[in-house]
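Undergrad: Quick one: this structure, given as C-alpha cells, is what I'll be asking you about.
Readers should treat all values here as calculations from the given coordinates under stated rules, not as data from a laboratory. Keep in mind that what you see is a predicted model, and the values were worked out from it rather than measured. Using ideal geometry, Cβ is built from the backbone for each residue, glycine included, and neighbour counts are taken over all protein chains shown.
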Amino acid sequence: MKLAVLGGGGVRSPQLAKSIVAKAKRLGISEIVFMDNDDEKLSIYGGLSKKMAQLMDKTISFKLTTDPIEALKDADFIITTLRVGGDRGRILDERIALSHGVLGQETTGAGGFAMAMRSIPALKEYCTIAAEYSKPDVIIFNFTNPSGLVTQALRDEGFTNVYGICDGPSEFIKELGKLLGKKDGEISVECFGLNHLSWFRSVKVNEEEMLGKLIKNPELYKSTEMRFFDRELVESTGMLLNGYLYYYYYREQALEHIVESGTTRGEMIYKINKLMHDELVKVDIDKDFYKAIEIYIKYYNMREESYMAIESKTERGDKKGININLSDEDDGGYAGVALNFIDIYVNDREGEMVLSVPNNGAIEGLFDNDVVEITCNISRGGVEPIKIGKVPEIQFSLIRQVKLFERLAVLAIKNRDIETARMALMVHPLINSYSLAKVLVDEYIEAHREYIGEWK
C-alpha cells in the first residue's frame, strides 16, 4: 500500500517519517511519498526523512517530489499537513489581529480564519487531484489547520473520505495516562465539541470513572494541559478542558501576555526555524546524518518547550523533549492518530480515538453534517461518533456560536465573499464586533492576495 504526505517539507516531517517507517510493515505500507512545493524545505526536512527511512528499513520505497500527481497517484492513504503562506503568513495573521486588540492565534478566531482562507482552497485542489488519481477508497487525514474548519469545508464539498485529526486530544490522553499510571489503550474517554474547542466529560479505566479523582488531583494542574486553568474553573464545569479553551476563558490575559512579551508565537517559531535552517543547510545530510539530526532535535525541542509559554506564562511539566532513536518504535507523535486509524483499518480491529467527523446526531442541537471533534468508535466497517446527547448550556452555547462562525467562514471562503466573511468574524466570540470584523477581513484579503485571489 502507498501513503502520501502533503507538506512533506515541514519541520515535523522527520518525526512523521520515523513513525510511519517504524510501523510500515504492520500497516502493510510499502511505498511512502513526501510531497512539498518548496524545493529547499523538501530537500532539508524531506531529505532528513528519506535518509532516516533508508537507515531504518531499506525495503520500503521512500520518495520525495514536488509533483502532487506523482505523490497522490494510486495512494491508499494521504496525510495533509500544509502551511500555506509559511511562517510569514502566520506572523501576518497574528500581527494584523493584535494591531486591532484581537487575539491572532492561528487556529481560533481571526488568525484561524486567515489561515483557513489560504488552507481551504489548497486542500480542495489536492482532494480533487486525489479523487482522480488515488485509489477509489483512499482515506485522507487532514492535519492542516484550522483542522476542524478545513475538514468542514472539504466534507461540504463532497469529500466524504476526509477525517480531521489533531494531536491535542491524544497527547492530553497520554498525559492523563501517565498521571493514572496507565498505558495507551487502557483509558477510555468521552470527548465532545469542536476542534480546539472541546471538553472531556468522562475518563474511565476498566469501566471505573476516574474524572472526579483527576479533578481533585493537584498534579493534574502541574503536569498536564490543565496547568492553563484555575482549579475552580475545572471543578465548576465538572469536565476536563482542551488547552485551547484558554483563549476563550482567559482571553484578556492571553492578549495582555502577548503584548507584554513584545513577540508572538509565530515570530518565536520563525526565529527557531530560521536558526535550525541556517545550521542544517550547511550539513550534508546524506554524509553526516547524525549531526543533522542532533541539530534538528535541539531546535525542535525549543519549539515544543515554548508551546503556549507566551500566552499563558506557564512552562511544560514534561521537558524530556524528543529523542529520535531509529531502533525504537515511538507512539506516532502528532501523526499517531492517523497511524492508529490505519492500523485498525488494515488489520480489521476495533478501537477508539478522537476525530473531527460529521455529527450525525451525536451532539443534540447540531446538524448531522456539522463537523465536530468527538470520540469515535472505529472499525473496518466505518467510523461512528459516540452518542453525547444533550450538552450543558455553558458548553453548548460556545459550541453553537463557533460552529456558526465556521459555517459562515466556509461559505465566505468558497465564494470569496467579503460580506459573509465579515458576518463570520462578527459572530465569533473572540471578536464579536462588525467594525472589527470589517477591518480584519479587509486587511487579511490585502495581506494574502497572492494565495487567495480577488474577493468581492
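Residues are listed down the side, and each one gets a yes or a no for (1) in a helix (DSSP H, G or I); (2) without any contact (Cβ under 8 Å) to a residue 40 or more places away in the chain; (3) surrounded by fewer than 16 Cβ atoms within 10 Å (Cβ to Cβ); (4) polar (S, T, N, Q):
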| site | (1), (2), (3), (4) |
| --- | --- |
| Val410 | yes, no, no, no |
| Arg422 | yes, yes, no, no |
| Ile431 | no, no, no, no |
| Ala437 | yes, yes, no, no |
| Glu443 | yes, no, no, no |
| Tyr451 | yes, no, yes, no |
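Undergrad: Another question, then. For the range 68-86, which positions are of a type in the set (Gly, Ala, Ser), part of a helix (DSSP H, G or I) and over 18 Å from the mean Cα position of the chain (by Cα)?
TA: If the condition is that a residue be of a type in the set (Gly, Ala, Ser), part of a helix (DSSP H, G or I) and over 18 Å from the mean Cα position of the chain (by Cα), then Ala71 is the only one that fits.
Undergrad: I would also like to ask the following. Can you find a residue that is of a type outside the set (Lys, Arg), part of a loop (DSSP other than H, G, I, E, B), touching a Pro at 6+ places or on another chain (Cβ under 6 Å) and closer than 23 Å to Arg449 by Cβ anywhere in the range 87-108?
TA: yes
Undergrad: A further question on this structure: When the residues of the range 368-408 are narrowed to those that are under 30 Å from Tyr345 (Cα atoms) and among the hydroxyl-bearing types (Ser, Thr, Tyr), which ends up surrounded by the fewest Cβ atoms within 10 Å (Cβ to Cβ)?
TA: Looking at the filtered set, the residue picked out is Ser379.
Undergrad: Only one of (1) polar (S, T, N, Q); (2) surrounded by 17 or more Cβ atoms within 10 Å (Cβ to Cβ); (3) touching a Lys or Arg at 6+ places or on another chain (Cβ under 8 Å) is not met by Ser30, so which one is it?
TA: Exception for Ser30: condition (2).
Undergrad: Working only within the range 90-118, note down all residues that are of a type in the set (Gly, Ala, Ser) and either crowded, with 24+ Cβ neighbours inside 10 Å or on the phi > 0 side of the Ramachandran plot (or both).
TA: Initially, the range 90-118 is screened for residues of a type in the set (Gly, Ala, Ser), giving 97, 99, 101, 104, 109-112, 114, 116.
Result: Ala97, Gly101, Gly104, Gly109, Ala110, Gly111, Gly112, Ala114, Ala116.
Undergrad: Residues of the range 171-200 being in a loop (DSSP other than H, G, I, E, B) and either crowded, with 22+ Cβ neighbours inside 10 Å or on the phi > 0 side of the Ramachandran plot (or both), which ones?
TA: Within the range 171-200, Gly181, Gly185, Asn195, His196 meet the criteria.
Undergrad: Something else: Given (1) in contact with a helix residue (DSSP H, G or I) (Cβ under 7 Å, 6 or more places away or on another chain); (2) of a type in the set (Lys, Arg); (3) under 16 Å from Val371 (Cβ atoms), identify the lone condition not met by Arg155.
TA: The failed condition is (1).
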